[in-house]
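Reviewing the structure listed below.
The values are calculated or read from the model by the stated rules, or taken from the named source; none is laboratory data. All values derive from a computational prediction rather than experimental measurement. Cβ placement follows ideal geometry from the backbone for every residue including glycine, while neighbour counts extend to all protein chains displayed. Quick note on the areas: whole protein, heavy atoms, side chains included, nothing else; ligands and nucleic acids left out. Shrake-Rupley method; radii C 1.70, N 1.55, O 1.52, S 1.80 Å.
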Amino acid sequence: MAKTDQNRKKKKIRPGTVVRFVVCLLITFIMVVPFLWMVSASFKNNVEIFQTPIRWIPEVFRLDNYIHVWTEINFPTYFLNTAKLAVIITFLQLVTCSMAAFAFTKLQFPGRDKIFLFYLATMMVPWHAIMVPQYIIVKGLGLYNTHTSLILIQAFSAFGVFLLRQNMLSIPDSLHEAAKIDGCGAFRTYWNIILPLTKTGLATLTVLTFNAVWNDYMGPMLYLDSDSLRTIQVALASFKSQYSADYASIMAGTVCSLIPIVIVYACAQKYIVEGVAFAGVKG
């Protein structure tokens, strides 16, 4: 009887657990409903989208919206342009940020910590404050209306350096010292020892950077003028006019644009929580 009472006490669900579960369920519902509405709207026409009450499952699944997006507005070109920028910028940020983070954690040089603080302070400056000077520089260098302008501007990230630095701080300095004793130079230590141990931070930075570049609207709108160079987000805005908007095509294009982000997140999601946790543990 005593054992039975103990088992019942262990299996008893606490009220706090129930409350947390309900809150998480409610938050999940609030976040998922707009996505489901978007997918449902992508198979409707503009009249059916705003019918009340909402019909979540369309009576007729209209593929015309997807056909229109992919065949009539040069969407494949916009898709490839966005993929090109996202892949190149993400790769460059992984290289530059990991090298800078390695220097700020494992290498000793005068003023290292002060330089890092000044570098980190740039995160406090809103992009809108430097938007005009940045545009003037790009224009002066003759890079306006080229993908190179966006690539160079976004090839470096203070946040990425901060994230990877916090991750690298968890790696014992004894590994770096052992590598130096064995005759490894700074680059070989970075490539063969430090970088493989920073997978969580790299995966997190990959997802965050890819998502930011893929969804960037202001950058391409400012620096790209030719239709053949535009990205998905700018192309979706073309469905809006002064007096109306083709919401069905916008929803179809948005669904298509979300697919690469979902794939990237699904591949790296198990590293994200761990990588962000490292950023908050080490100081």
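For the reader, a short list of remarks on this structure follows.
- Any chance ASP227 is among the acidic types (Asp, Glu), more than 19 Å from ILE88 (Cα to Cα), buried (at least 18 other Cβ atoms within 10 Å of the Cβ) and modelled with pLDDT under 90: no
- Here TRP214 fulfils each of the conditions (1) out of contact with any Pro (no Cβ under 7 Å at 6 or more places or on another chain); (2) modelled with pLDDT of 90 or more apart from (1).
- Residues of region 183-224 that are aromatic (Phe, Trp, Tyr) and open to solvent by 30 Å² or more (accessible area, probe 1.4 Å): PHE187, TRP191, TYR217.
- Condition check for LEU120: surrounded by 15 or more Cβ atoms within 10 Å (Cβ to Cβ) and either among the β-branched types (Val, Ile, Thr) or at pLDDT below 90 (or both): yes
- The helices (runs of 4 or more DSSP H) found entirely in region 1-110 that carry 3 or more residues being at pLDDT 85 or above and surrounded by 11 or more Cβ atoms within 10 Å (Cβ to Cβ) are 15-41, 64-72, 75-106.
- Filter result for ARG230 (over 14 Å from THR82 (Cβ atoms) and basic (Lys, Arg)): no
- Condition broken by LEU152, with the remaining ones in (1) modelled with pLDDT of 90 or more; (2) more than 15 Å from CYS97 (Cα to Cα) satisfied: (2)
- Sole exception among (1) closer than 19 Å to ALA158 by Cβ; (2) touching a helix residue (DSSP H, G or I) at 6+ places or on another chain (Cβ under 6 Å) for LEU92, by number: (2)
- The set of residues from region 230-249 being aliphatic (A, V, I, L, M), more than 21 Å from the chain's Cα centre (by Cα) and open to solvent by 10 Å² or more (accessible area, probe 1.4 Å) comprises just one member, ALA245.
- Only residues that are more than 23 Å from the chain's Cα centre (by Cα) and not small (Gly, Ala, Ser) were counted across region 73-125, and they come to 16.
- Inter-residue pairs, beta-carbon under 9 Å, first farther than 20 Å from MET218 by Cα and in region 151-169, second assigned to a loop (DSSP other than H, G, I, E, B), 6+ apart: LEU163/SER157; ARG165/LYS282; GLN166/LYS282; GLN166/GLY283; ASN167/LYS282; MET168/LYS282; LEU169/LYS282; LEU169/GLY283
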